[in-house]
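S.K.: Okay, handing you the structure first.
The values are calculated or read from the model by the stated rules, or taken from the named source; none is laboratory data. All values derive from a computational prediction rather than experimental measurement. Every residue, glycine among them, receives a Cβ derived from its backbone with ideal geometry; neighbour counts consider all protein chains shown. Ligands, DNA and RNA are stripped out before the accessible areas are found, and what is left, the full protein with its side chains, is counted by its heavy atoms. Shrake-Rupley method; radii C 1.70, N 1.55, O 1.52, S 1.80 Å.
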Amino acid sequence: MVGISPYASISLALVLTALLPLSSQAQDAFQTFKQLDTTAKMPKLNAFIAPGTAPQGSKLREIALEAKLTANGDPVQDGLSWYVFSPIAGTDGKLPLIASSQGGSADFQLAPGDYFVNVSFGRAGVTRKLTVPEEGEVDKQTMVLEAGGLLLNAVSGTDVRIRPDQLSFSIYSAEVREDGERGLVMADVPPNTVVRLNAGTYHIVSEYGDTNASIRADIQVEAGKLTEATIQHKAAQITFKLVSDAGGEAIADTAWSILTAAGDSVGESVSAFPTMVLAEGEYSAVARNKDKIYQRDFKVEAGKNTDVEVLMKDVQPEEPTEAAKTVQVQPDQQPPATDGSPSTQAPLPTYDQLQGGTGAGAD
């Protein structure tokens, strides 16, 4: 998917516009756009150590830590969150936090022993075990995040720009769990926002509007690179109006229902001229005003924002007031024929039968 020209149409309606290497100069790409970081907000303290965590009389050792996006990359200078935990769980079952730091590289003073060190860069993170010796030199600890950035955007049709307030993204893991669902990584991501992620494949869901315009795509995030992806929505923005004449003023106090060609409802509104974003396809607009129902069929084409006018002469056909009745006739109670054909009714008794009673019985 890398190297495809902008807005080129492919099966997933996805365009990867750039993969920027995140070396010392390309890390500036992370600063160009608003950062989205869900790590806990903590004061900017270097090597904060929780009181009472160091044993009395113990000799603290200076521990220097740095993190890189890739093994051959430069150390990350900003945006890192460091946490040092004791490997022994407390009474609440959680690992006690020993120290923390925000920013770039970190320096901690730790007593000899074992620790768990976690460093996070946005949604990317890595944890490793750290052993602080009692004697000897302690080398700088380098942790490799194997992380990159993802910046998402979308267009309608081939090149129609979508307003940011009409667009949102959700990022899921590529793997499907046993329950058939994917793990949610981050929801409601605005466009033009860099999300820091571990390298790997992610399942992206793009929502245009709040009706039925949704696109899914799998995107690969590479370590040390910023991946920009533009998703193409096959949808358009439609405005509805109930008018007495073509081009007339919209009539107020109108209730709207938008139905698919199969008759399923996809949107409702009570407004003079509601606007909805609809996926490409065929629909019916049903307008209700003063006990009258009006209807018009229309078609949505990708990227073609338009108005749909429903005329007051387009009255919806009324249903029959009483359904047709089916009368079942028994074989010995056939009604007389009305088309001149011989009747299948039983023959009348003969004269002899009437006089002599032969075969006539009591009748």
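S.K.: Kirkwood Rh and Cα-based Rg: tell me the resulting Rg over Rh for the stretch 236-311, rounded to two decimals.
M.R.: Ratio of gyration radius to Kirkwood radius for the stretch 236-311: 0.93.
S.K.: A further question on this structure: Express in Å², to the nearest 10, the accessible area of Trp82 obtained by rolling a 1.4 Å probe over the protein heavy atoms while all chains stay in place.
M.R.: Accessible area, nearest 10 Å²: 0 Å².
S.K.: Next up: Suppose the chain between Ser265 and Ala71 were pulled fully straight at 0.36 nm per residue; how much longer would it get relative to their current alpha carbon spacing?
M.R.: Here the segment from Ser265 to Ala71 would lengthen by 64.5 nm.
S.K.: At 1.4 Å probe size, with no ligands or nucleic acids counted, give the accessible surface of Glu181 in Å², nearest ten.
M.R.: Answer for Glu181: close to 100 Å² accessible.
S.K.: Another question, if that's okay. Would you please give the FRET efficiency between Lys94 and Arg216, computed as 1/(1 + (r/R0)^6) with r the Cβ-Cβ distance and R0 = 51 Å, to the nearest 0.05?
M.R.: About 0.90, to the nearest 0.05.
S.K.: Protein chains only, probe 1.4 Å: how do Phe169, Phe116 rank by accessible area, largest first?
M.R.: Putting Phe169, Phe116 in descending order of accessible area: Phe116, Phe169.
S.K.: Then there is this: Select from the stretch 79-166 those GluC sites (Glu not before Pro) which occupy a DSSP coil region and have at most 14 other Cβ atoms within 10 Å, ordered by residue number. Mind showing how you got there, number by number?
M.R.: Numbers: sites: Glu134, Glu135, Glu137, Glu146; in loops: Glu134, Glu135, Glu137, Glu146.
Answer in residue order: Glu134, Glu135, Glu137.
S.K.: In addition: Say the dipole of the stretch 147-233 comes from +1 at the beta carbon of Lys and Arg and -1 at that of Asp and Glu; which of Tyr202, Gly180, Ala223 then lies farthest toward its positive end?
M.R.: Ala223
S.K.: On full extension of the chain, what length is gained from Glu135 through Thr158, given 0.36 nm per residue of separation minus the C-alpha to C-alpha distance?
M.R.: 1.8 nm
S.K.: Ranked from the most accessible area to the least, with a 1.4 Å probe and all protein chains present, what is the order of Lys225, Lys68?
M.R.: On the way: Lys225 65, Lys68 40 Å².
Sorted by accessible area, descending: Lys225, Lys68.
S.K.: Okay, moving on. Put a dot 7 Å past each Cα toward the Cβ at Glu175 and Asp107; how far apart are the dots in nm?
M.R.: Roughly 4.0 nm, to one decimal.
S.K.: What does the accessible area of Leu60 come to, in Å² to the nearest 10, when a probe of 1.4 Å is used?
M.R.: 80 Å²
S.K.: Say a paramagnetic label sat at a point 7 Å from the Cα of Thr142, along Cα to Cβ; which residues of the stretch 79-94 have their backbone N under 15 Å from it?
M.R.: What the label zone holds, given the 15 Å backbone N cut-off, is no residue at all.
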